[in-house]
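In what follows, a single structure is set out as structure tokens and then discussed.
The values are calculated or read from the model by the stated rules, or taken from the named source; none is laboratory data. Since the model is a prediction, treat every value here as computed from it, not as a measurement. Every residue, glycine as well, gets a Cβ built from its backbone with ideal geometry; the counts of neighbours run over all protein chains shown. Each accessible area value is taken on the protein alone, full model and side chains, heavy atoms only, with ligands, DNA and RNA left out. Shrake-Rupley method; radii C 1.70, N 1.55, O 1.52, S 1.80 Å.
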Amino acid sequence: MTVGVGVASGNAPNVLRDRIAVVRAEVAAALRAADRSGDPVRIVAVTKAQPRSTVVAALAAGIDEIGENYVQEAQPKLAGLLGVRKHFVGHVQTNKAKAIAGTFDVVQSIDRLEAGLAIVAAARALGRTVSALVQVNVSPTERFGVAPAAAEPLAAQLREAGLDIDGVMAIGPRDAGRDGTLRAFEQAAKAFERIGGSTLSLGMSGDWREAIESGSTMLRLGTVLFGARA
Ligand SMILES: *Cc1c(COP(=O)(O)O)cnc(C)c1O
């Protein structure tokens, strides 16, 4: 029998526990190499395209933050799961704001005023506390995100409107190499300095090392934890 990384049987809790331990050790080593040994870096496990059983296994294996891109996919998958912080990392459509604010604790992908206003209004209507990050576009291969220069004014307007903006999220460029990735992440880090907050959500499976070097406080990891998506 051949069992590839990413197939459901490859994501049993004991397998995930080992993989998570390896990733955490690599992250700790990268932090030391970057002279950031004491810094806490959180890992959000991105479970898009993974079944609920994998989410449950990840929680059993010690993951306590989950990220999803599509609210319709996430609602049944995350329903009733306790003790987990739920992050929305997909594009915010204003007509889905109520579903997003009702399902997630953190919306990482606020990239325009209307999106932030829709989320804050929906959270209020539901009596829920939702925090948010401003998604900054630092990559020509990325469709969404506010231009770096417009990030701080957007954060200010949304804070004025009552949204708890806790920092910045950015998606790195594809195929930009190490230097191109570092240059892009530097723009995100500078936007984070201007905006403030506690979270710089930077780094995915292919670029988390550069993200650590760039000051990331939160990695969003799918493939390195769960294998390739179908
Ligand atoms: C899919 C996704 C991730 C995880 O990607 P991997 O490369 O599998 O680690 C992280 N962030 C966002 C916004 C995503 O869409």
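In the set (1) more than 14 Å from the ligand (Cβ to nearest atom); (2) over 26 Å from I212 (Cβ atoms); (3) buried (at least 16 other Cβ atoms within 10 Å of the Cβ), L31 fails one condition alone, (2). Residues of segment 42-55 include at least one that is open to solvent by 40 Å² or more (accessible area, probe 1.4 Å) and closer than 23 Å to L182 by Cα. Residue count for segment 99-147 under the criterion of being part of a helix (DSSP H, G or I), within 28 Å of R183 (Cβ to Cβ) and more than 18 Å from the chain's Cα centre (by Cα): the result is 1.
May I ask you to verify whether A132 is of a type in the set (A, V, I, L, M, F, W, C) and touching a helix residue (DSSP H, G or I) at 6+ places or on another chain (Cβ under 6 Å)? Criteria not met by A132. Anything in segment 56-71 that is open to solvent by 20 Å² or more (accessible area, probe 1.4 Å) and either part of a loop (DSSP other than H, G, I, E, B) or among the aromatic types (F, W, Y) (or both)? List them, or say none. Passing the criteria: G62, D64, N69, Y70. Could we say that V23 is closer than 12 Å to V224 by Cα and in a helix (DSSP H, G or I) here? Taking the combined requirement at face value, the residue satisfies it.
For segment 100-141, which positions are out of contact with any Asp or Glu (no Cβ under 8 Å at 6 or more places or on another chain) and at pLDDT below 95? Within segment 100-141, P140 is the sole residue that qualifies. Among the criteria (1) among the hydrophobic types (A, V, I, L, M, F, W, C); (2) within 13 Å of the ligand (Cβ to nearest atom); (3) surrounded by 21 or more Cβ atoms within 10 Å (Cβ to Cβ); (4) not in a helix (DSSP H, G or I), the one A74 does not fulfil is (4).
No other residue among F104, F88 is among the aromatic types (F, W, Y), open to solvent by less than 20 Å² (accessible area, probe 1.4 Å), out of contact with any His (no Cβ under 9 Å at 6 or more places or on another chain) and under 29 Å from S53 (Cα atoms) apart from F88. Figure legend. Inter-residue proximity from segment 190-218: first residues touching a residue at least 12 places away in the same chain (Cβ under 8 Å) and over 19 Å from A155 (Cβ atoms), second residues within 16 Å of the ligand (Cβ to nearest atom) and of a type in the set (V, I, T), beta-carbon distance below 6 Å, spacing 6+ or different chains. Indicated pairs: S205/T223; S205/V224; D207/T181; E210/T181.
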